[in-house]
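As structure tokens, the structure follows; a few thoughts come after it.
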Amino acid sequence: MLETLLIAWRESLEAALVVGVLLTYLGRSGQRRGIAYVWAGSLLAVLAALACGLLSNDVASHLDPDLQELLQAGILFLAVAVLTWMILWMHRHAAGLGGELRRKADQALATGRLVGVAAIAFVAVFREGLETVLFLWGVLVQRPDLTALPFVAAGLAGAALAVATAWLFFRGFRFLSLPRFFHVTGVLLLLVAAGLLVSGVNKLIGLGYLQPIVAQVWSTAWLVRDDSPLGAFLAALVGYRSRPSLAEVLAFVAYLPLMLWALHRIDASRPQGDGVAARSAALERFTA
Amino acid sequence: MRPRTPFAIAFALLFGIAGRVPAEDRTIALAVEDAGFAPAEIEAPPGARVRLEVTNRTAVAIEFESFELNRERVIQPGQTAAVYVSGLEPGRYEFFDDFHQQRRGALLVR
């Protein structure tokens, strides 16, 4: 039963952390509507995962499993694209933040962006939610009497524990000052996006569409095992794996400097008048 | 350069280097049964490109997973999924069913 709990914890953790970082970021920048969209996307994903999980024995068997996996990789790349876009406009928007942050609440996000935020939450929760549903459904089917109930309860407790883990983690962020908060969550979002990119590349390699180039560049299993709680946490947050291939390392390593360059360009291309406002906002944040 | 250009170049390079995929050297069939993996041990030569065809012969979903091979796939009952591994050094690479962890097996590369 402990095993059931741990598996469900691990399967749900990535979804909880991705939704957690979105909620934390939107919450601190006063985007109430954004928060509502994240919850809506998550809820929709839970329902969709339940529906797909329960129907899957009928539906999925008509869909080639390798095609399903390819579809998943495509959805991951799409999520990376939306998340990248979100990080960039958040950064652009951040210049206008500062003292007037709270007053600007609830009006800054256009509907398209809200849908984007909801879509990221949907993808994260659906992907992991589906696995959790399939796993728990299997537990239920294997023990078709009441003895299954404690196991299903353990599974649900594991999912709840994942939410609690994410909540605890992001609760710590409340103690950061506002500028540091935006800095830390910004970097975290970049790492989450890079992690999703690596997961997509990993799927393409597993499907035989990409070469690993070098199958295992290094092994950090001696330091952080994949099946340790820390390994599971890092895997869920930033796509950690102890024995990555060179193609995965390259994808991760290429994404970050490219993004830093794009973010720097946004800073550099701010018009002069805006620059003054940005500077005073930055000063305000610095002294806050 | 427009902001997107370097991204395009980086990923074109990645897919250019990693995208030239040779045919597999061998295909190995691997079944997941209630009792465990059949066969529980499979073998491949070092450096080979191997296509594992993993069939779920149980009544519920399984997850073929290996930290040592850096692979994971959820497989529905009755379905067969292709899992590629390649360029492995000699050694023993364990895999398991993440949803039923008493089912374990290994790929021996030698």
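Below are the figures for this structure:
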| quantity | calculated |
| --- | --- |
| Max mean-square fluctuation residue, GNM over chain A, Cα-Cα springs under 10 Å, options A:G74, A:G200, A:G112 | A:G112 |
| Whole-Hz couplings from phi, Karplus 6.51/-1.76/1.60, listed for the stretch B:95-102; x for Gly and Pro | 9, 7, 9, 5, 7, 9, 6, 6 |
| Equivalent ellipsoid, the stretch A:179-245 (semi-axes from 5 times Cα gyration tensor eigenvalues, Å) | 24, 16, 9 |
| Rounded to whole Hz, the Karplus (6.51, -1.76, 1.60) HN-Hα couplings of the stretch B:30-41, x for glycine and proline | 9, 9, 9, 10, 4, 6, x, 6, 10, x, 6, 10 |
| Highest-fluctuation residue, A:G239, A:G208, A:G41 considered, GNM on chain A with Cα pairs under 10 Å | A:G208 |
| Charged-residue dipole, Cβ positions (Lys, Arg, Asp, Glu), the protein assembly as shown about Cα centre, Debye nearest 20 | 1980 |
| Chain A: DSSP helices with Cα axial extent of at least 30 Å and average Kyte-Doolittle hydropathy no lower than -1.0 | A:2-28, A:32-59, A:65-94, A:111-142, A:148-171, A:178-206, A:246-268 |
| Selected from A:A148, A:A160, A:A48 as most flexible by GNM, with chain A as the system and alpha-carbon contacts under 10 Å | A:A148 |
| On Cα atoms only, tilt of B:5-18 relative to the major axis of chain B in degrees | 50 |
| Most to least accessible of A:W167, A:W137 (protein chains only, probe 1.4 Å) | A:W167, A:W137 |
| Value of [θ]222 nm, deg cm²/dmol, for chain B, DSSP H segments ≥ 4, -39500 (n - 2.57) each, nearest 500 | -4000 deg cm²/dmol |
| Nonlocal amide H pairs with B:L52, under 5 Å, H built at 1.01 Å | B:I28, B:V83, B:Y84, B:V85 |
| DSSP loop trypsin sites (Lys or Arg not before Pro) with at most 14 other Cβ within 10 Å: longest gap in chain A | A:104-224 |
| Of A:S177, A:L136, A:W39, farthest towards positive along the dipole that unit charges on Lys, Arg, Asp, Glu beta carbons give chain A | A:S177 |
| Relative contact order, percent, the stretch A:152-249 [alpha-carbon distance under 8 Å, six or more residues apart] | 29 |
| Accessible area in the full protein assembly, largest first, 1.4 Å probe, for A:L234, A:L210 | A:L234, A:L210 |
| Accessible heavy-atom area order of A:H264, A:H93, B:H100, highest first, probe of 1.4 Å | A:H264, A:H93, B:H100 |
| Peptide A:134-140, shielding by other chains (average Cβ, 10 Å cutoff) | 5 |
| Other protein chain Cβ atoms within 10 Å, averaged over every residue that makes up B:53-60 | 2 |
| Rg ratio (alpha-carbon, reference 2.2 N^0.38 Å) - the stretch B:19-94 | 1.10 |
| Shape category assigned to chain A from the gyration tensor of Cα positions, a/c cut at 1.5 | prolate |
| Listed residues A:A48, A:L210, A:A119: farthest to the positive end of the dipole of chain A (Cβ charges) | A:A119 |
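The values are calculated or read from the model by the stated rules, or taken from the named source; none is laboratory data. None of the values given here were measured: they were computed from a predicted structure. In this analysis, Cβ positions are derived from the backbone assuming ideal geometry, glycine residues included, and neighbour counts consider all displayed protein chains. Note: accessible area is taken over every heavy atom of the protein model, side chains too, but ligands, DNA and RNA are not part of it. Shrake-Rupley method; radii C 1.70, N 1.55, O 1.52, S 1.80 Å.
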